[in-house]
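A.B. asks: Sharing a structure below in structure tokens format, with a few things to ask.
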Amino acid sequence: MSSVRLSDLRRTTSFRLALMFLALFGTASLTLFGFLYWQTAGYLKSGTDEWLAREVTSLVAASPSQLIAHLQEHAAHDPEANRPFALFDAAGNKVAGNMAKLPTPSLPLDRPFEFKLNRGDELLPFRGLARRLPSGDIVIVSQNVHQMHEFRELLVGAMAWGGLLVLIMGLAGAAMIGAGSVRRIDEVACAIERIVKGNLAERLPTRGTAGDLDRLVDAVNGMLDDIERLMHEVKGVSDAVAHDLRTPLTRLLAGLERAGRRAASVDEYAAAVDEAIGETKAVLSTFGAMLRISEVEDGARRVGFKSLDLAAIAADVTEFYQPLAEVKDVSFSLKDESGGSAKIAGDPSLLFEAIGNLVDNAIKFTPSEGRVTVRVFCQDENPGVMVTDTGPGIPAEEREAVLRRFYRAERSRHTSGSGLGLSLVAAVARLHGLNLFIDDAKPGCSVILRREGASTWRTLAAAVT
């Protein structure tokens, strides 16, 4: 497996999605942090401003002598001047308080403002409020807001470090997810390369997590199963064609060689020619059946579908095969239990051929004095046809195999036929959206065509027996 490359990582959908969600989360977090900062700083500032307003109102309401006394008392209780109060005359000279001079030449009145004062070696921030008295004097109250500024800086720093940590963790998580996707895609690509090289038994790896990629892999593996099955069927058909054609062609060649060596009269040559014509017709019949199945599986005949009555088609089949059943001394009957409701959209000639193949097989393998029954029914608005016989039946382990082309059960090896009849029936059933089920009639076999499940078919087959 190849190592994870950075260029591959950037191109993965998982990595890009992780980055997109990281960006969305980062934007949401930044918005939330900004809102919290704004609310917190505003809350602290408004609390300070309310306190300043209360103090100024209290001082302004006092008489001049009470005001000076209050300022002197406040200075005594605030030796470090963390909350400097002062009274200045109209010229800006200090009258009382613990503030040496006006904090700024252009002093804003009746609204909070910030300024800085020297405290030791530091220049500390203060927030104050000034108001002019009727006498023209100015009273100022202020508070050291250094801690409030430090808290805001601490909050911004915490947000910045938190955002950086989230970014690092998000990038690491995106890289891990992307690397996992790259490894998974590499595994799938390697499996595809092995399949392309001819290993049709190979399947794409799945982790069983029911994720999007696993769903896609399961669908592709199902397609590969079908491809492998079809390839095996093609190989099997090719082998079967070669095997089934070898026998009649060998007989044809042997007959012609024998006629060439031994025939001494026109009648002997004519007999050899008739035998060769018979073998050639058998070969052509096999090819014709194969072409017929291919035509049905192609689905082109679906364009000409029309509404049909299965009972009428079954009646035509019964009439056509009645003489064959009489010759073999087999009881052959039709039971129409549909009440005229066995309607289906389809091709009449194909359905006739499919039901006819089932009847032909049933008569062929049913012994003398046996019974073959064609039953037409409609259950739960689903029409169907059942052909039942009293022959040897089909073993359960061969019921799927007999639907494959050229497959012939051991007991039918010496019976005439190409092994394509039930394959054609299955192809016609698929074309018409019908299910084909083979069951045990005890004795004999039941073959059913209908749009329904296997359990219902077994119930129908049991009812017949």
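The values are calculated or read from the model by the stated rules, or taken from the named source; none is laboratory data. Treat the numbers as computed from the prediction; the structure is a model and nothing was measured. Glycine also receives a Cβ, built like all others from the backbone with ideal geometry; neighbour counts cover every protein chain displayed. Protein only, heavy atoms only, side chains kept; ligands, DNA and RNA dropped before computing areas. Shrake-Rupley method; radii C 1.70, N 1.55, O 1.52, S 1.80 Å.
A.B. asks: Ignoring ligands, DNA and RNA, what accessible area per residue does segment 94-241 give at 1.4 Å, in Å²?
C.D. replies: With the other protein chains kept in place, segment 94-241 gives 61 Å² per residue.
A.B. asks: Just read off the accessible area of Leu351 with the full protein assembly in place, 1.4 Å probe, to the nearest 10 Å².
C.D. replies: Accessible area, nearest 10 Å²: 10 Å².
A.B. asks: Provide Rg and Dmax in Å for segment 1-134, with only Cα atoms included in the calculation.
C.D. replies: Expressed in Å, the Cα Rg and Dmax of segment 1-134 come to 26.6, 92.
A.B. asks: Less than 14 Å apart at the alpha-carbon level, and either on another chain or at least 8 residues along: which aspartates and glutamates does that give for Lys364?
C.D. replies: Glu326, Asp329, Asp389
A.B. asks: Distance cut-off 27 Å, Cα to Cα: go down the list Lys197/Lys235; Lys235/Lys306; Lys45/Lys116; Lys306/Lys335 and report the pairs above it.
C.D. replies: Lys235/Lys306
A.B. asks: Under a plain spin-label model, where a point goes 7 Å from the Cα along Cα-to-Cβ, how far apart in nm are Ser333 and Leu154?
C.D. replies: Distance between label points: 10.1 nm.
A.B. asks: Report the FRET efficiency, 1/(1 + (r/R0)^6), for Arg451 and Ala315, where r is their Cβ-Cβ distance and R0 is 25 Å, rounded to 0.05.
C.D. replies: Efficiency, from the Cβ-Cβ distance: 0.70.
A.B. asks: Let me ask something else. Just read off the accessible area of Leu164 with the full protein assembly in place, 1.4 Å probe, to the nearest 10 Å².
C.D. replies: Rounded to the nearest 10, the figure is 80 Å².
A.B. asks: At a probe size of 1.4 Å, how large is the accessible area of Met148, to the nearest 10 Å²?
C.D. replies: Here the residue's solvent-accessible area equals roughly 20 Å².
A.B. asks: Can you give the net charge of the other residues whose Cβ lies under 9 Å from the Cβ of Asn98, counting K and R as +1 and D and E as -1?
C.D. replies: Charge balance in the 9 Å sphere: 0.
A.B. asks: Extension gain Trp161-Gln379, at 0.36 nm per residue separation less the Cα-Cα distance, in nm?
C.D. replies: This chain segment gains 71.2 nm when fully extended.
A.B. asks: How large is the translational diffusion coefficient of segment 93-230 in µm² per second when you combine the Kirkwood radius over alpha carbon pairs with Stokes-Einstein at 20 °C and 1.002 mPa s?
C.D. replies: 96
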